[in-house]
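> Mind looking over this structure? Questions follow.
The values are calculated or read from the model by the stated rules, or taken from the named source; none is laboratory data. Keep in mind it's a predicted model, so treat the numbers as computed, not measured. Cβ coordinates were reconstructed from backbone atoms using ideal geometry, including for glycine residues, and neighbour counts include every protein chain displayed. Heads up: the accessible areas ignore ligands, DNA and RNA and are worked out on the full protein's heavy atoms, side chains in. Shrake-Rupley method; radii C 1.70, N 1.55, O 1.52, S 1.80 Å.
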Amino acid sequence: MAATTPTPSPTDTFWTDAERHLVRYGGEFTPEIIEHAAGSFLRTASGRRILDFTSGQMSAILGHSHPEIVATVRRQVADLDHLYSGMLSRPVVDLARRLAGTLPAPLEKVLLLTTGAESNEAAVRMAKLVTGKHEIVSFARSWHGMTQAAASATYSAGRKGYGPAAPGNFAIPAPNTYRPDFTTPDGELDWRRQLDFAFDLIDAQSTGSLAACLVEPILSSGGIIEPPVGYFAALHDKCRERGMLLILDEAQTGLCRTGTWYAFERDGIVPDILTLSKTLGAGLPLAAVVTSAEIEREAYERGFLFFTTHVADPLVAAVGNTVIDVLVRDGLDARARVLGDLLRQGLWDIADRHAVVGDVHGRGLLAGLELVVDRETKESSSGLGARVTRRCLELGLHTNIVQLPGMGGVLRIAPALTVTEDELALGLDILDRAIGTAGAAR
């Protein structure tokens, strides 16, 4: 008997089907059926409009269903969608050249992949091969993905119950200026002493096989933690002293979100390997590893292998080229700086009105609002964050809460770079009202 295509489930059976047939992969599902998305808004099956303050999974930097992305997909899928992984196409070579053109020397060699986890997997694999070592250092609040090497370097969640991680993975403390562990006499974060202490511990544990340090310029799943100016230059020096490569994971910070094309530009350093994802595909699965010609040549000569089904796919590469077109033409780096200032000012205004707001973190259009029960003690409450996000959704705003031990609930705010001032104002107003009601309920 020929297979037939099932008709879509009516709304009244949707959640029954979801509960029966879907694997739950992280927390609870948002209790809305999403039917449509355009620009900064989602539309639900019940007709509600929800302002998307996470731009999908922090990826849709041009908003949902951007007309130029839609046109590119329609055109490209009709001409050339997928190839044998050893074949090349013009969109792939064009995107590699153009990405290199946005980066400082010596970053010029590009590997195009699908997800952030995959790009970090490839970067770690390359670093281990080139250095001949195997130990990897990352932040204790990190998130680099759910594949083996990426998950082994991820410390913010998901480590328990899966058996041994890859050998030789070490964590160092994230430099959190709001919750300092090492302090100066005036109570500020003493990040230099913290970093020295961290690498004293690394040196004590290392078997002499330190290959790379894999870190995010701004730790997103760690609570939008932004290390102070000077930290990454010092970290870069620590790596050089030990013959380690510095890998920067700019999945969420790359391509203009922080107000510059890449977050590392603020710090006057250049990583040995850069990984990109999320923002590069503007919501489609596209990622990249970028490195120097010297590192690429050494990897090649040692037999570097990362031959995957969707490496160098032309369809998503064409989308990446369109993303660069729009970012350059519309000056979205400068726009993210201007709108980011408006966003943070609005968040600080909310903090002035609500004592449950402890701090505002972030840069450009990547912001964090930390919720606390008590500003003096900085005591956290998982219930408070849950109530605020639930109330936001009821009022028509989608945002995301990060709740980690030792931290308050941090609302992650990452609207599309195409968000309007009116949409920002609407989101801030909803957030203000949600905190007002949820905070009062504590």
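> Obtain the nm distance between the two label points defined at ARG297 and ASP81 by a simple spin-label model: each point lies 7 Å from its Cα along the Cα-to-C-beta direction.
With each label point 7 Å from Cα toward Cβ, the separation is 4.0 nm.
> Relative to 2.2 N^0.38 Å, what does the C-alpha radius of gyration of the stretch 71-140 come to as a ratio? Two decimals please.
Ratio of Cα Rg to 2.2 N^0.38 Å: 1.42.
> Same structure again: From the mean inverse distance of alpha carbon pairs (Kirkwood) and the Cα radius of gyration, derive Rg over Rh for the stretch 344-426.
The Rg/Rh ratio comes out at 0.95.
> For the stretch 87-182, calculate the relative contact order in percent as a whole number, restricting contacts to Cα pairs under 8 Å that are 6 or more residues apart.
21 percent
> Roughly how far apart, in whole Å, are the Cα centres of the stretch 98-118 and the stretch 241-265?
That distance is 11 Å.
> Something else now. Counting only Cα atoms, I'd like the Rg/Rh figure for the chain, Kirkwood definition for Rh.
So for the chain, dividing Rg by the Kirkwood Rh gives 0.96.
> Please work out the Cα convex hull volume for the stretch 192-237 and give it in Å³ per residue.
94 Å³
> Would you mind computing, in nm to one decimal, how far apart the modelled labels at LEU201 and ARG159 are, each placed 7 Å from Cα along Cα→Cβ?
Here the modelled spin labels are 1.0 nm apart.
> Using Cα centres only, tell me the gap between the stretch 300-346 and the stretch 132-184 in whole Å.
25 Å
> Net charge near ALA211, counting Lys/Arg +1 and Asp/Glu -1 over other residues with Cβ under 15 Å of its Cβ?
Once positives and negatives cancel, what remains is +1.
> Taking a threshold of 32 Å on the Cα-Cα distance, which of the pairs LYS109/LYS160; LYS160/LYS238; LYS128/LYS278 fall above it?
Pairs exceeding 32 Å: LYS109/LYS160.
> Of the residues LEU235, LEU431, LEU248, which exhibits the maximal mean-square fluctuation in a Gaussian network model of the chain defined by a 10 Å Cα contact cut-off?
Highest fluctuation among the options: LEU235.
> Now for a separate question. If you take the alpha carbon radius of gyration of the stretch 152-260 and divide it by 2.2 N^0.38 Å, what ratio comes out, to two decimals?
Normalised Rg, Cα atoms only: 1.12.
> Only loop residues by DSSP count here, and only those with at most 12 other Cβ atoms within 10 Å; note down the chymotrypsin sites (Phe, Trp or Tyr not before Pro) in the stretch 138-205 that meet that.
TYR162
> Name the most mobile residue of VAL326, VAL23, VAL290, meaning the one with the largest mean-square fluctuation, in a Gaussian network model of the chain with Cα contacts below 10 Å.
Largest GNM mean-square fluctuation: VAL23.
> For ARG43, ARG363, give the ranking by accessible area with the largest first, probe 1.4 Å.
ARG43, ARG363
> Here's a follow-up. Could you work out the relative contact order of the chain? I mean the mean sequence separation of Cα pairs under 8 Å and 6+ apart, divided by the number of residues, in percent.
Relative contact order, the chain: 21 percent.
> Place a label point 7 angstrom from the Cα of ASP432 along the Cα-to-Cβ direction, then list the residues of the stretch 364-400 whose backbone nitrogen is under 13 Å away.
The answer is none, because no backbone nitrogen lies closer than 13 Å to the label point.
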